[in-house]
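The values are calculated or read from the model by the stated rules, or taken from the named source; none is laboratory data. All values reported here derive from a predicted model rather than from experimental measurement. In this analysis, Cβ positions are derived from the backbone assuming ideal geometry, glycine residues included, and neighbour counts consider all displayed protein chains. Protein only, heavy atoms only, side chains kept; ligands, DNA and RNA dropped before computing areas. Shrake-Rupley method; radii C 1.70, N 1.55, O 1.52, S 1.80 Å.
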Amino acid sequence: MSTTILPAKRRSFNYKKFLANNGALVGLVVLCIALFIATPDFLTAQNLLNIGIQVSTVAVLAFGMTFVIVAGGIDLSVGAVAALSAMSSGWLFASGGLPGWLALLGGLAVGLLAGTINGLANAYGKLPSFIATLAMLSVARGLTLVISDGRPIKTAAEVSFLGGNIGPVPMPIVILVLAALVASFLLNRTVIGRSMYAVGGNAEAARLSGLPVKRILVTVFALAGLFAALAGLLLAGRLDSAQPQAAAGYELDAIAAVVIGGASLSGGLGKISGTFVGALVLVVIRNGLNLLNVTSFWQQVVIGLVIALAVGVDVLRRKTRNS
Amino acid sequence: MSQEPLVTLQNVGKSFGPVTVIKDVTVSVYAGQVQVLLGENGAGKSTLIKMMAGVYQPDAGHIVVDGKTVVLPTTRAAEELGIATIHQELNLVSTMSIAENVMLGRTPTKHGMVDRSALRNRARAALALIGLDVDVDTLVGELGIAQQQLVEIAKALSINARILILDEPTAALTRHETESLFAVMADLRRRGVGMLFISHHLDEIAEVGDTVTVLRDGEFIAEVPASTPEADLVKLMVGRSIEDQFPRVAGHSGEAAEILRVEKLTSAGKFDDISFTVKAGEVLSIAGLVGAGRTELIRAIAGVDNYSSGSVAVRGQVLPHGSIPAAIAAGIGHVPEDRKGEGLVLDASVNDNLGYATLASTARMGLVDFTGQRRRASEVAKKLRIRMHTIDQPIRALSGGNQQKAVFGRWIIAASTVLLLDEPTRGVDVGAKVEIYELMNAITAAGGAILMVSSELPEILGMSDRILVMRDGRIAGELTAAEATQDAVMTLAARDVDEQND
């Protein structure tokens, strides 16, 4: 709807610019072609569905992280909040005796609450988001262990349904697509979403223009918490149980996905589509390395290098564009 | 001028890709003289000084130092020949002491450890060169900008700089600080240091300069004595004569309706008991020294900061304390002092920047009105003649004047009727300045009210209908446009200004 003003410019497709602005996507395509050539196991229906299931958790976490990073913050607690939400849901069902669907909603509410606390601590308590969410990481993981006493809890059928199938399509992929659409809609179309870019780009200018910066920040972290809870429930659904150590370290994957997808850690830049591609890059690399029988130890090394490469290329690109 | 220049850029040229930024320019700096470089933003001044400082290499022509043609591949090479640059953005580490900053990169050591006493002594000697008397253990972050600048000059001199390039050193200084800088410059001149001086303040040229090189669109236009009348300098710089630097058309004051009323506004430690009104069609300016509380007052009226007591009312409706949204809803638009830090989201597009104040008010059910926003932004950009490639371009790429017009544009879209302008033409070149003044006329002609804070006295005298002078957080007096003179304003602003100038 916004293309009405400059139709002439939009019509001629600029390949060079497209490649420069979609480095992660190009990398992903190259990666897939290389894996297709390297192993016959890559391009099979089963493997692609596997990738889809694996990417769902990382991507949903990373969508929430995208809001935070666009608004100029960081959320280290998403992995722990995912685990706490799933565990709370399991506990509400198993020990609290709540109906399964209510236990599921309860899990989402816990994530929303944890995120809101992060946001309040950051916006009103003036704690840097790094510190506020680092504290929440510890608190949430600790509470998860307290609730579960360190043991897995069986989750409700409604939660397990999230890990199941609709016909041939795995439910996590359906959830992933829905989450992507909702996140993208929020970020691109709504006032609160557009405000996130302004706050991340220059919070003071946003405030002086009348944008409610504090409320926006609380919303941003609350959304990250909600998406984390959804990711935690997806993970629990696949295993039919909430694990006390679930999603440990996933916050780093989520951050990596957002950054590979072209967001700037200094805020103001980032897209859901980019984050999705970033998450796919991470998962496809792990999947490919598995298929090629590379040990998980070496996988970590490769992932680290990929993050450095992706961000390095991005920095270089911005530098050449600005000069 | 029979003596040999210290440094000459001889017929230099520079292109970036297809764009020629400097074409066949010659400029020399002589020992004991201040060469002024004058031109609008984009005229090529900074490219030129970067060539002299070893940042850029000329594509054509050559650089002559002490009669010998040299190549300056790095800033280090330029420094070794005695050429030092004092940038607008200072290169000091604010968390380190003055001594450490002055000796940065050449910290004296003894047995591999920092030799503290030698460090202090050498730093003291450097400060003595410009007569700066401060404790060298003070953290640089605790100094004001003016003193930081002097520390940087001391640092340059301590590495035996003979040629100082001063890139808009007075841009962030008060009048009084500027005077002390000029005193230091006069002293350096007596000692044979050559200086290349850049400033947007035309009145400073005659005061401090010897010769002026005027650039326009990357080309050498003229070299004239610094005593050349300002109007002639403007004509050379802009390429046409600007009929009227301050085209104020007084609005219909007198019986006009009162729009803004500020009563007994007080904020502890910032300003005290401020009362005034602004009528429709009126420009009320607040003059005063930096630190008199002018910016703080404007921020309080705009809802940016809280205040202790008193009230702000727009059209009779009293505004709540410290609420920006309420102020905006009442029709207030605030153009802040620091355009880049507070006015704009630099990485966002021109379109987005124009729309922030109306993002929520034009939305339907929380959804952004993209089509309408784009239409409004395009209209305003056209009306204000904002020069850009497309409206989707990051606003960072625009010149200072066009960026400032975009901040105005945001409030025009919001239909604001009370504009609070804090240093509205800072860092804006002459042509765009006049456009901003014409915009102010258009706003008041349409029945708007303007409250302006400015440190440029000619601007205050030329563009206001009434002038309030603040001193130490209080109103020291009020003058009408007719009775206001530079002297009258300064007398009210600072009783001791004459003694200090001696």
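Number of residues in the range A:272-290 that are open to solvent by 50 Å² or more (accessible area, probe 1.4 Å) and more than 27 Å from A:L178 (Cα to Cα) equals 1. Given the condition open to solvent by 50 Å² or more (accessible area, probe 1.4 Å), within 30 Å of B:N306 (Cα to Cα) and of a type in the set (G, A, S), answer yes or no: does some residue in the range A:263-271 qualify? Yes - at least one qualifying residue is present in the range A:263-271. Scanning for something in a loop (DSSP other than H, G, I, E, B), within 19 Å of A:M65 (Cβ to Cβ) and either under 20 Å from the mean Cα position of the chain (by Cα) or not charged (D, E, K, R) (or both), does the range A:271-285 turn up at least one residue? Looking through the range A:271-285, at least one residue is in a loop (DSSP other than H, G, I, E, B), within 19 Å of A:M65 (Cβ to Cβ) and either under 20 Å from the mean Cα position of the chain (by Cα) or not charged (D, E, K, R) (or both). For B:I221, the requirement of being farther than 22 Å from B:L461 by Cα, among the β-branched types (V, I, T) and open to solvent by 30 Å² or more (accessible area, probe 1.4 Å) is met. Applying the selection to the range B:66-114, what residues are at pLDDT 90 or above, acidic (D, E) and outside any helix (DSSP H, G or I)? Once the filter is applied, which keeps residues that are at pLDDT 90 or above, acidic (D, E) and outside any helix (DSSP H, G or I), the range B:66-114 yields only B:D66. Which of the residues belonging to the range B:193-228 are more than 20 Å from B:I22 (Cβ to Cβ) and over 22 Å from the mean Cα position of the chain (by Cα)? Hits for the range B:193-228 are B:V193, B:G194, B:D210, B:P225, B:S227, B:T228. State whether one or more residues within the range B:314-322 are closer than 28 Å to B:G462 by Cα and more than 14 Å from chain A (Cβ to nearest Cβ). Yes, the range B:314-322 contains at least one residue that is closer than 28 Å to B:G462 by Cα and more than 14 Å from chain A (Cβ to nearest Cβ).
Just give me the residues in the range B:133-144 being outside any helix (DSSP H, G or I) and in contact (Cβ under 8 Å) with a residue 24 or more places away in the chain, in sequence order. If the condition is that a residue be outside any helix (DSSP H, G or I) and in contact (Cβ under 8 Å) with a residue 24 or more places away in the chain, then B:V134, B:D135, B:V136, B:D137, B:T138, B:L139, B:L143, B:G144 are the ones that fit. Exactly one residue among B:G431, B:G462, B:G427 is of a type in the set (G, A, S) and closer than 17 Å to B:V283 by Cβ, and that residue is B:G462.
Meeting the requirement of 1 or more residues that are of a type outside the set (K, R), out of contact with any helix residue (DSSP H, G or I) (no Cβ under 8 Å at 6 or more places or on another chain) and modelled with pLDDT under 90, the helices (runs of 4 or more DSSP H) wholly within the range A:4-107 are A:7-11, A:15-21. Name the residues in the range A:194-216 that are farther than 14 Å from A:G270 by Cα, more than 7 Å from every other protein chain (Cβ to nearest Cβ) and either open to solvent by less than 10 Å² (accessible area, probe 1.4 Å) or charged (D, E, K, R) (or both), would you? Of everything in the range A:194-216, those that are farther than 14 Å from A:G270 by Cα, more than 7 Å from every other protein chain (Cβ to nearest Cβ) and either open to solvent by less than 10 Å² (accessible area, probe 1.4 Å) or charged (D, E, K, R) (or both) turn out to be A:K214, A:R215, A:I216. For B:A222, the conditions (1) free of Cβ contacts under 8 Å to residues at least 24 places away in the same chain; (2) not in a strand (DSSP E or B) are fulfilled apart from (2).
Within the range B:149-178, the set of residues being in a helix (DSSP H, G or I) and open to solvent by 50 Å² or more (accessible area, probe 1.4 Å) comprises B:R175, B:H176, B:E177. Applying a threshold of 9 Å to beta carbon distances and a minimum spacing of six or more residues, or different chains, the list of pairs starting in the range A:166-193 at a residue that is more than 14 Å from every other protein chain (Cβ to nearest Cβ) and ending at one that is part of a strand (DSSP E or B) and of a type outside the set (K, R) reads A:M171/A:N165; A:V174/A:I166. Of all the listed residues (B:A449, B:A493), the sole one being touching a residue at least 60 places away in the same chain (Cβ under 8 Å), buried (at least 21 other Cβ atoms within 10 Å of the Cβ) and small (G, A, S) is B:A449. Within the range B:277-295, one or more residues are away from chain A (no Cβ under 11 Å), in a helix (DSSP H, G or I) and out of contact with any Gly (no Cβ under 8 Å at 6 or more places or on another chain).
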